[in-house]
Structure formats: structure tokens, C-alpha cells
Amino acid sequence: MTTALVTGSARGIGFAIARRLSTAGHRIIMVDLNPQIHDSAATLDAVPIQADISTIEGRDAIKDAVRSSGQTLKVLVNNAGITRDALIGDMTEETFRLVTRINLGGCFELTSALAPYMVDGGGVVNIGSRAHLGNVGQFNYAVSKAGVVGLTRSLALAYAPRLRVNGVAPGFIATDMTDAMPAHVRERIISRIPLQRPGRPDDIAGAVAWLGSDNARYVTGQVVYCCGGRSHG
Ligand code: NAI
């Protein structure tokens, strides 16, 4: 049996990815800083790790748990991410750095830490965002997710041919993260989606499961938009 580790999987997209990979037959390790991870993991019979991917202590705890499980990873999904939106004049340096540190730094550092524990032919999938194309009020987030694209392409080169590294760039997906947006902003975004509905977490999970599987064995360094067609403008 193969093992998959998903960060930020207490809820939302990460939970849907963990559920999908579990259905695909992987043993699942679920990481989140939210204590809810214990209950979420219990529903999937998965191993929970409550840890912050953006700290050395958190990453060491994750690495130790993987090492002591005696398992190697077939799939690593870097999904944990945050938003701290503000218009440009109101964006503090602290907020800018925090979002970059978690969304981009956490993705890089955790991949570096866990790559030695991945099986040959394993797949890393990084969750970016269509917002890397640019969003008013989200320039810290857009920068962090644009970084995820460059990171994905560079890691794919660095780890080839042993591992594949790809990304998924979701558009607007109905989760707690997007529920926090003002209603008029949500409605405006949804009205511009060519497929005429918000995405669901499971829409992203399907793309992640494919990229992490051997069905995508000749795909590396790619970022797949999963946005109902909204990447066009
Ligand atoms: P969410 O806020 O519902 O879930 C994110 C999870 O990550 C939470 O459980 C949170 O506790 C965890 N997390 C945050 N920082 C962490 C850290 N430092 N260490 C460990 N866990 C941490 O968000 P959602 O919507 O499920 O998003 C998941 C990913 O998808 C994020 O990377 C987000 O940027 C990305 N995304 C989401 C979109 C959406 O429309 N919801 C659109 C594009 C990208």
C-alpha cells in the first residue's frame, strides 16, 4: 500500500484531496495546525499530525512522524495556505511576509524536508492559485502563488527523474476561505466564471489525484488551471 501526505487537510480543499486519495487506495497522513485535524483524520482512518508547516519545529515534527512510521511517500500535496487581503496602501510588511512565508516558503521547505522520504517515481503536487494572474487586494497572495509556479517548475527540474513535481491553480472554490469574502465580491467573481458555478473542493481533488498518480507519469513541471475557464480574464 502506498502513502500520501496532504497539508492543510483539516477542512476545505485539503480535506477533499485527502478523501479522494484515500478512496484511490493510499494510506493517508494529514497535516494541519488546526486541532480539528484529529477529527478530520478520524473520519478517513488517517494519521493526523498537528503542526505548522511554516516553522522548523513543525516541519521536524512532520518529518519525524513520517520517519517513525517506516513508510515512504508516494504523493506529497502542499495545500496549506492562507489569505490576508488588504488594498495596497493598507498592506503591512508583516502581512506581506506572513502570506509569502506560509504559501511559498512552507511549500519549498516541506518539499525539501520530505523529498528524501519519497519513493522513486513519487509525485509532489503544489496548490497554487489562479490569483497569481493578479487580484486587487490580494497582491501578497498573488505574489506567493506566482512564486509557487516558479517553485514547481524549478523543483521539477531539480528532482527529475526521481520525482515529478506539478501544481494545480484553482479558481474560485467554495470553502471557508472564500466564504470570508464580502458577498458582493463573491457574486461578482462567480458571475465571470465561464462554467457558471463556483468550484467545489472535490473538483480540485480530482486534478490533484491525477497529477499524483502514475497516469500522469510523463507530466512534470506543469501547473494545471482548475478554474471553470476563468484563467482567460
Ligand atoms: P481553508 O482556509 O479552508 O483551508 C486551509 C487549511 O490550511 C486550514 O485547515 C488551515 O488551518 C491550514 N493551514 C493554514 N496555514 C497552515 C500552516 N502554516 N501549517 C499547517 N496548516 C495550515 O482554505 P481552502 O480554500 O481549502 O484552500 C486550500 C488551498 O487552496 C490554499 O493553498 C489556497 O490558497 C488554495 N486556493 C483556494 C482557493 C479557493 O477559492 N478556496 C482558490 C485558489 C487556491
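So here's what we get for this one:
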| quantity | calculated |
| --- | --- |
| Packing-based order for 69-79, 165-175, using average beta carbon neighbours within 10 Å, highest first | 165-175, 69-79 |
| Nitroxide proxy distance, nm - points 7 Å out along Cα→Cβ at residue 136 and residue 113 | 3.9 |
| For the chain, built as a Gaussian network whose Cα springs stay under 10 Å, the top-fluctuating residue of 29, 37, 56 | 56 |
| Kyte-Doolittle mean at least -1.0, axial Cα span of 24 Å or more - DSSP H helices of the chain | 139-159 |
| Amide hydrogen neighbours beyond the local backbone of residue 229, cut-off 5 Å, H modeled | none |
| Mean projected area (nm²) of the alpha-carbon convex hull when the stretch 48-112 is viewed from all directions | 5.0 |
| Highest average packing first - 16-25, 192-201, Cβ atoms within 10 Å | 16-25, 192-201 |
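Every read-out reported here was derived from the displayed coordinates using simple, explicitly stated rules and does not represent laboratory data. What you see is a predicted model, and the numbers here were worked out from it, not measured in a lab. Don't worry about glycine lacking a Cβ; one is built from the backbone with ideal geometry, like all the others, and counts go over all protein chains shown.
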